[in-house]
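> The following block contains the structure, expressed as structure tokens.
Every read-out reported here was derived from the displayed coordinates using simple, explicitly stated rules and does not represent laboratory data. Fair warning: this is a prediction, and the values are worked out from it, not measured in the lab. Quick reminder, even Gly has a Cβ in these numbers, built from the backbone with ideal geometry, and neighbours come from all protein chains shown.
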Amino acid sequence: MSDPSIRQRKLDHVALAMSDAAVSTRDPGWSDVTLVPVTLPETNPDDVDLAATFLDFDLQAPVFIAGMTGGHPDVEKINAALATAAQTHGAAMGVGSQRAALVDPDLVPSYAIVRRHAPDAFICGNIGISQVLEGETGTDVMRRLIDMIEADAMAVHINVLQELVQPEGDIKPGGAYDALGELVAKSPVPIIVKETGCGFDRVTANRLLETGIAAIDVGGMGGTSFTLIEGIRAATADDQRGARLAQTFSTWGIPTACSVLEVRETGLPIIATGGISDGLQAAKALSLGAHLVGIGRKILAAAVDGPEAAVEELGLIIEEIKISLALSDCRNLEEFAARQPVLSGQVALWQARDKNLNKGGAD
Ligand SMILES: Cc1cc2nc3c(=O)[nH]c(=O)nc-3n(C[C@H](O)[C@H](O)[C@H](O)COP(=O)(O)O)c2cc1C
């Protein structure tokens, strides 16, 4: 059954995400992370090998094109462009929530196109925690979602604040850990849990670890803000409550850099997403312990212009990561992981909290 409101929301999200008004006014933390330069390095950027392994899958670079779209015929081209970039550079890629295609099978091609353009890439499906809680992710549905894109993993997105703000939001908190545990047990592919702009705290990350999930995408604050996007949609629809809530909670969340510090003690593979728009910021996220960096808005903006622009943008980001490692005199991610960045400001405060809690302080 077709639901025009879901299709429209998918288009609204892409259009609004392009506006500066959709970007958090808070800093994701990169200005508080300094990579220590090796003044006279002996490593050439061309000799830096960014090969990474994520959930037993070999990537040429530790970059994940964040799950963003699908769900409207008009976004099919964008997904094709993003997939071309992932395939060209050996990066991973996610699609946006596939719920739209469950409700309206005519929308399947807007997701399926990704696998056609990225036959060898790590591709991740996407569904919301609300669907998991509503029992809408039974074995058959999971099979459909996975087969739609031949997914290597499935992401479950958490967006409690967005659901509370949006007029059509539906969130019934409670029972999520049990539901996720059941999903993990029956899913034929690994389950990644991701936030979409508020980040993960340490307590949640540790509880998620017990459910058997395979990785966490921190989806921290400081980049695309769905609270702000829903606020704009609410204001346009004359929904004063939604607009007011979005304004009040627009800075709610944990900055991406700080969220990486919060979740790294789980030992789970971490994807750092939220407010990464160049390769130096990406390298800073890696230096904090992220295994991959997720990039949304920046590469989406390029993909809107077509596959060449998306390939070029992702290539530039990867080149910047290589230069960051070369300037640190590191030839690969393993060597780079052994380096300690200098932390200041809010990131240093979150690290101090981390250390205090590890000494037995109460959370
Ligand atoms: C237009 C758009 C649509 C998105 N849709 C989804 C979605 O359906 N599911 C999801 O998990 N995340 C979604 N996201 C969130 C991204 O995966 C990512 O977490 C977020 O954009 C933060 O990264 P950025 O600051 O680099 O944009 C979307 C982001 C954008 C920009």
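> With only Lys, Arg, Asp and Glu charged, each at its Cβ (+1 for the first two, -1 for the last two), find how big the charge dipole of the chain is about the Cα centre; round to the nearest 20 debye.
With only Lys, Arg, Asp and Glu charged at Cβ, the dipole is about 760 debye.
> Please give the calculated 222 nm ellipticity per residue for the chain, where each DSSP H segment of at least 4 residues contributes -39500 (n - 2.57) and the sum is spread over every residue; nearest 500 deg cm²/dmol?
-13500 deg cm²/dmol
> Tell me, in nm to one decimal, what length is gained between residue 44 and residue 139 on full extension, where the rule is 0.36 nm per residue of separation less the Cα-Cα distance?
That works out to 29.3 nm of additional length.
> Quick check: pseudo-label points 7 Å beyond the Cα along Cα→Cβ at residue 120 and residue 235, how many nm apart are they?
With each label placed 7 Å out from Cα toward Cβ, I get 4.7 nm.
> Here is a follow-up. Could you tell me which residue out of 206, 249, 98 lies farthest along the dipole of the chain toward its positive end? Charges go on the beta carbon: Lys and Arg +1, Asp and Glu -1, centred on the Cα centre.
Of the options given, the answer is 249.
> What percent do you get for the relative contact order of the chain when only Cα pairs under 8 Å and 6+ apart count?
Numbers: 761 pairs, mean separation 85.8, N = 363.
After rounding, I find 24 percent.
> Greater than 26 Å separation of Cα atoms is the criterion. Which listed pairs, 194/284; 284/355; 194/355; 298/355; 77/298; 186/355, meet it?
298/355; 186/355
> Can you tell me which of 21-31, 252-262 comes out highest on packing, and rank the rest after it, using the mean Cβ neighbours within 10 Å? Don't skip to the end; give the middle numbers.
On the way: 21-31: 20.1, 252-262: 28.3.
Sorting 21-31, 252-262 by mean packing, highest first, produces 252-262, 21-31.
> Mean-square fluctuation check for the chain, GNM, Cα pairs under 10 Å: which of 297, 202, 116 is largest?
116
> Kindly work out what percent of the DSSP beta bridges joining two residues of the chain are antiparallel, to the nearest 5. Walk me through the numbers before you get to the answer.
On the way: 6 of 33 bridges.
Rounded to the nearest five, the antiparallel share is 20 percent.
> Report the residue, chosen from 50, 286, 349, that carries the largest GNM mean-square fluctuation when the chain is represented by alpha-carbon nodes joined by springs under 10 Å.
Highest fluctuation among the options: 349.
> Calculate the FRET efficiency for residue 147 and residue 252 from the Cβ-Cβ distance with a Förster distance of 35 Å, rounded to the nearest 0.05.
The pair residue 147/residue 252 has a calculated efficiency of 0.45.
> Shifting gears a bit: Is region 133-287 best put as rounded, prolate or oblate by its Cα gyration tensor, with a ≥ b ≥ c the root eigenvalues, rounded for a/c under 1.5, and otherwise prolate when a/b is larger than b/c, oblate when not?
oblate
> Quick one: which of 144-155, 234-245, 123-134 comes out on top by average Cβ neighbours within 10 Å, and what's the full order, highest first?
Packing order, densest peptide first, comes out as 123-134, 144-155, 234-245.
> Okay, moving on. Can you give the local net charge around residue 328? Use residues other than it whose beta-carbon is closer than 12 angstrom to its beta-carbon, Lys and Arg +1, Asp and Glu -1.
After counting each charged neighbour, the total is +1.
> Still on this model: Taking springs between alpha-carbon atoms closer than 10 angstrom, which of 303, 15, 214 fluctuates most in the Gaussian network model of the chain?
Judging by the Gaussian network model, the answer is 15.
> Using only alpha-carbon positions, what ratio does the radius of gyration of region 299-363 give when scaled by 2.2 N^0.38 Å?
Cα Rg divided by the expected 2.2 N^0.38 Å: 1.68.
> To the nearest 20 debye, what charge dipole does region 310-363 have about its Cα centre, counting +1 at the Cβ of each Lys and Arg and -1 at the Cβ of each Asp and Glu?
So the magnitude is around 420 debye.
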